[in-house]
Amino acid sequence: MSQDTNKAIVIAGGGIGGLTAALGLAQKGFSVTVLERAPVLGEIGAGIQLGPNAFHAFDRLGVGDAARQMAVYVDKLRLMDAITGEDVVQINLQEPFRKRFGNPYAVVHRGDLHGVFLRACEASPRITLRTGCAVTAYEQDGSTVTVKLFSGERVKGAALIGADGLWSRVREQVVGDGLPRVTGHTTYRSVIPTEQMPEDLRWNAATLWAGPKCHIVHYPLSGWKVFNLVVTYHNDAPEPVAGKPVDEEEVLEGFRHVHPRAQDIIRHGTDWKLWVLCDRDPADRWVDGRVALLGDAAHPTLQYMAQGACMAMEDSVCLADEMDAHRGDIEAALESYRQQRVLRTARIVLMSRAVGEHIYHPAGTHAALRNAIMSAKSDDEWYDILAWLYSGPPQSGSQVASQARAES
Ligand SMILES: Cc1cc2nc3c(=O)[nH]c(=O)nc-3n(C[C@H](O)[C@H](O)[C@H](O)COP(=O)(O)OP(=O)(O)OC[C@H]3O[C@@H](n4cnc5c(N)ncnc54)[C@H](O)[C@@H]3O)c2cc1C
């Protein structure tokens with residue numbers, strides 16, 4: 001084992017990105033310390049959609065079986081017109097889709113998914129998880145990184161991975177591109193018991209009702225015990241907000257113009273919470289010597305491709321492969337990781353904005369054009385369109401070599 005392998009890698013943040021990075025690095029023989037600001041490791045919010053590329057990553061991280069057990073496998077991606085109530089397109093996610101991409105499409109509860117990663121981290125003798133540790137800054141001297149905590153404590157390692165999310169302190173130092181962009185899109189989330197979901201909508205699909213400047217998403221979760229409801233209104237909200245409780249009347253405000261069937265879904269929601277969403281323009285300076293960004297810290301995105309967490313997991317697989325392939329040269333490993341990941345994640349960020357504008361939120365003729373184009377495509381055409389994403393990232397030579405070593 002090389003000197004770098006023996007030294008601890010420090011990770012700021014214990015979300016999906018931080019824990020999967022820890023798992024990937026530990027699998028390659030690195031010891032890892034995760035520093036999480038919150039007093040308890042966990043996830044806020046309910047559902048998350050996972051494309052087949054997430055399952056490729058689960059398998060590489062050694063948690064494929066556990067992740068598969070708690071997923072609900074939806075049969076379709078279904079687009080409804082929120083003004084007319086028309087069923088625009090249904091993309092089949094069953095056998096032909098799974099055969100094409102080698103893995104399923106699924107929805108999971110965030111807490112369940114985070115729990116799978118947490119248990120795997122806790123079971124690894126190479127991973128130390130610390131809570132109540134807010135990272136404020138770092139220093140480096142060419143062979144080590146010293147991470148500064150709010151408490152005044154300093155933690156030393158061979159490298160620092162900034163997986164500290166949208167408001168990343170590590171990014172402030174690595175990129176220095178100011179605050180995230182407030183997109184003006186307000187999202188309201190609720191979870192309801194399945195028996196409270198309108199009976200005629202209890203179908204096994206990730207469903208999008210798309211309307212002018214607003215949309216509704218729903219799908220079953222947690223073994224069909226509950227439905228996840230996420231509704232979004234592009235109301236030009238000026239300030240970022242996270243998890244503020246709001247009443248039903250406020251949620252309905254942006255949906256007075258949609259079809260009664262779509263409005264009715266909102267009336268079934270309870271305990272609504274509000275987020276004003278942010279993203280960032282893609283940046284390519286994710287690395288500063290022995291420090292690199294990962295997940296939302298590197299490429300925060302709107303949720304319209306349902307890929308933010310999937311990208312964080314792919315980042316982790318790639319980081320671990322590159323650290324393995326460039327043993328003894330951490331700076332080269334991080335730079336190679338950056339090169340592998342920048343364009344794919346920039347594509348997600350920019351496409352999410354475009355998909356929001358042209359699929360989720362258009363009105364009038366723009367919406368009619370969406371319906372005409374999308375309803376004319378066959379499943380196979382959709383699979384071709386989505387292949388760059390769901391087949392997973394192209395692998396570099398060093399990643400292929402690293403994988404072959406692990407499998408031999
Ligand atoms: C409405 C909505 C729906 C979404 N739906 C999907 C979906 O269907 N599919 C999908 O793949 N993605 C989805 N996403 C995106 C996904 O939630 C994120 O991309 C993903 O959770 C990012 O994980 P992360 O670990 O990088 O960041 P985070 O989850 O933000 O984790 C960062 C962690 O770092 C900690 N932290 C912060 N600052 C510090 C500090 N200074 N020191 C130490 N620790 C710190 C935080 O407490 C947190 O635990 C959605 C997002 C939204 C908003």
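What to note about this one:
- In this structure, the amide hydrogen of Leu93, modeled 1.01 Å from its nitrogen in the peptide plane, lies closer than 5 angstrom to those of Lys76, Leu77, counting only residues at least 5 positions away or on a different chain.
- Summing charges over all other residues whose Cβ lies under 14 Å from the Cβ of His268, with Lys and Arg as +1 and Asp and Glu as -1, gives -2.
- Annotation: lysines with alpha-carbon distance below 23 angstrom to Lys377 (same-chain offsets under eight excluded): Lys76, Lys99.
- The chain: calculated mean residue ellipticity at 222 nm from DSSP helix runs of at least 4, using -39500 (n - 2.57): -11000 deg cm²/dmol
- Taken per residue, the accessible surface of the chain reaches 40 Å², heavy atoms only and a 1.4 Å probe.
- Summing +1 for each Lys or Arg and -1 for each Asp or Glu among the other residues whose beta-carbon sits under 14 angstrom from that of Cys214 gives -3.
- Cα-only Debye scattering, region 79-122: base-10 log of I(q)/I(0) at q = 0.27 Å⁻¹: -0.87
- Proximal charge balance of Val246 [Cβ under 12 Å; K/R count +1, D/E count -1]: -3
- Length-normalised contact order of the chain in % [C-alpha pairs under 8 Å, at least 6 apart]: 21 percent
- By accessible area, using a 1.4 Å probe on protein heavy atoms only, the chain has 52% of its surface on carbon and sulfur.
- Mean separation of Cα contacts under 8 Å (6+ apart) over length of region 5-105, as relative contact order %: 22 percent
- Take each peptide in 375-385, 338-348, 86-96, 285-295, count the other Cβ atoms within 10 Å of every residue, and average; sorted highest first, the result is 285-295, 338-348, 86-96, 375-385.
- Region 118-176: chymotrypsin sites (Phe, Trp or Tyr not before Pro) in DSSP coil with no more than 14 other Cβ atoms inside 10 Å: Phe150
- Considering only beta bridges that DSSP places wholly inside the chain, some 70 percent are antiparallel.
The values are calculated or read from the model by the stated rules, or taken from the named source; none is laboratory data. Since we're looking at a predicted model, the values are computed, not measured. Backbone-built Cβ (ideal geometry, glycine too); neighbour counts: all protein chains shown. Note: areas computed on protein heavy atoms with side chains; ligands, DNA, RNA excluded. Shrake-Rupley method; radii C 1.70, N 1.55, O 1.52, S 1.80 Å.
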